[in-house]
Every structure is written in C-alpha cells, then in structure tokens.
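Quick notes on the structure that follows.
Each value in this text was obtained by applying a stated rule to the coordinates, not by laboratory testing. Keep in mind the model is a prediction, meaning the values are calculated, not measured. Counting neighbours? That spans all protein chains shown, and the Cβs are built from the backbone with ideal geometry, glycine included.
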C-alpha cells in the first residue's frame, strides 16, 4: 500500500480517512456492520438488527451472517418483533438460525436470542433504543454487557454500529475502548506503534487508547476511523 503513511498513528488516520470516505481501495469491497442495516427499517428495528446480529458475530464470516439475516427478515418480517422470538420454541428457533445464518452453534444462538429478548423486555420495555438513551456511553456499554454474547469486542462493535447508524452522541465517547481484534493488533505492531511485549500479551487496552488519542488529535471520530481500520487491518499482511 504505497499510499499509506505509517510514520505515526496520526499519519495513518490522515491518509486512511480520505480514502475511506471516497471508497477507494481497499475500502471499495469490504463493508461494515453499519452498511448491512436496511435503511427502510424504523430506528427501533435498526437497533434490533444490530443487537441480534452482533450477538452472534463470531466464529464465521460476517458476510454470510449478515446476508443470511437480511434474507431471514425478508422471509420472516416478524422476526424483528420480539414476540416471534419469545413464542418460537428453542429447537425451532435454532433450526431457523442454522438454515439462514449458517452458525456453528445454532443451539447456543437460539438460547442467547431467547434470554436476551426476555431480558430486553423486562429491563428496557422490549426496546433496544432504551439502552442507548442513557446519558453516558459507559452506561450504555455496561448495559449491553448484561446480555449473552456481548463480550468486550462484541459490545463495542454493537455500540459503534448503533451510534453510527442512529448518529448518537455521548460526552464521554473518547473514554471508551475501541474494539480491537487480532487483525488490528497485528497491524498496530507491524507499524511499530507497540512493542513486542505488548503484542505478545495482547494489550488491547493500550492499542485502543493509542488510536483513540490519535483520533482526538486529528479531529476524526474513532467511531468512523474504526470502520476504516477494520477493513484496512484485514488487508495488512
């Protein structure tokens, strides 16, 4: 990538973001969670789309998952209405998720969906948006982690996708942790922005803080840069 300036994290952001915004390679092929969300949905259903898909976004190719979920809600539009998940028995729900999403562990996913839907109804009146109505981003993160399937990476992915899709603002956004996976960790190490020790220990918090601080200095929201970084990091070998 002759165009990529890796002299510093700030240099990376300054060269990446313009290309990302113009959809230049490598940002012309791969897409983010935000790009899968159907625009014809209500905000509440957009939030549910992200909530359901990100909770099982692991151990498989994301393209298969999101294409499958789009087909699922096309064939069964009521799936995004929580009553469908509540009333469908776990075995039938697992079969539906297996057939459409091609998950490795459809039974676990069905249990997650059941548990999360019931918890959502009990704590947030069945509305995912109510989670995001909290005044601080940290409170949203803590709330998301109550649900099954929402570990650190998934939680921050769901937060980023929902905040970007619905254009949500929080005063403490830069105090959060950017979701860091093995690809972003490897790229950060390859560019010598972290040492061998941090790389081997998988010091994800340090990597996250490094990029968030660089975003602050460039005036670019890390919510936007993270979308570009997710794509870019998979192109780095």
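Our summary gives the stretch 46-172 a relative contact order of 27 percent, counting only alpha carbon pairs under 8 angstrom and 6 or more residues apart. The angle separating the long axis of helix 222-233 from the principal Cα axis of greatest extent in the chain is about 80 degrees.
Under 17 Å from a point placed 7 Å out from the Cα of residue 42 along the Cα-to-Cβ direction: which residues of the stretch 79-119 have their backbone N that close? Once the point is set 7 Å along Cα→Cβ of residue 42, 79-85 turn out to lie under 17 Å by backbone N, inside the stretch 79-119. Across every direction, the projection of the convex hull enclosing the Cα atoms of the stretch 39-166 has a mean area of 7.1 nm². Exposure proxy ranking for 2, 102, based on other Cβ atoms within 10 angstrom of each Cβ and starting from the fewest, stands as 2, 102.
Over the stretch 1-68, Cα pairs under 8 Å with separation of 6+ residues give a relative contact order of 17 percent.
Please report 189, 23 as a ranked list, fewest other C-beta atoms within 10 angstrom at the top and most at the bottom. Present the calculation step by step, with values, prior to reporting the outcome.
Details: 189 16, 23 9.
If I rank by nearby Cβ atoms, fewest first, I get 23, 189.
For the chain, the longest principal axis of the Cα atoms and the long axis of helix 43-54 meet at an angle of about 80 degrees. For the pair residue 76 and residue 196, label points projected 7 Å from Cα toward Cβ lie 5.2 nm apart. Short-range pairs are left out: with C-alpha atoms under 8 Å and at least six residues apart, the relative contact order of the chain is 24 percent.
For the stretch 22-45 versus the stretch 216-237, the spacing of their alpha-carbon centroids is 15 Å. Take the Cα of residue 138, go 7 Å toward its beta carbon, and the backbone nitrogen atoms of the stretch 152-166 under 19 Å from that spot belong to 152-153, 155-157, 159-160. Between the helical axis of 9-22 and the longest alpha-carbon principal axis of the chain there is an angle of about 60 degrees.
Within the stretch 187-212, list the residues whose amide N lies under 12 Å from a label point set 7 Å along Cα→Cβ of residue 6. Within reach of a label on residue 6, which here means backbone N under 12 Å from a point 7 Å along Cα→Cβ, the stretch 187-212 contributes 187-194.
Placing R0 at 35 angstrom, the Cβ-Cβ distance between residue 83 and residue 30 gives a FRET efficiency of 0.50 after rounding to 0.05.
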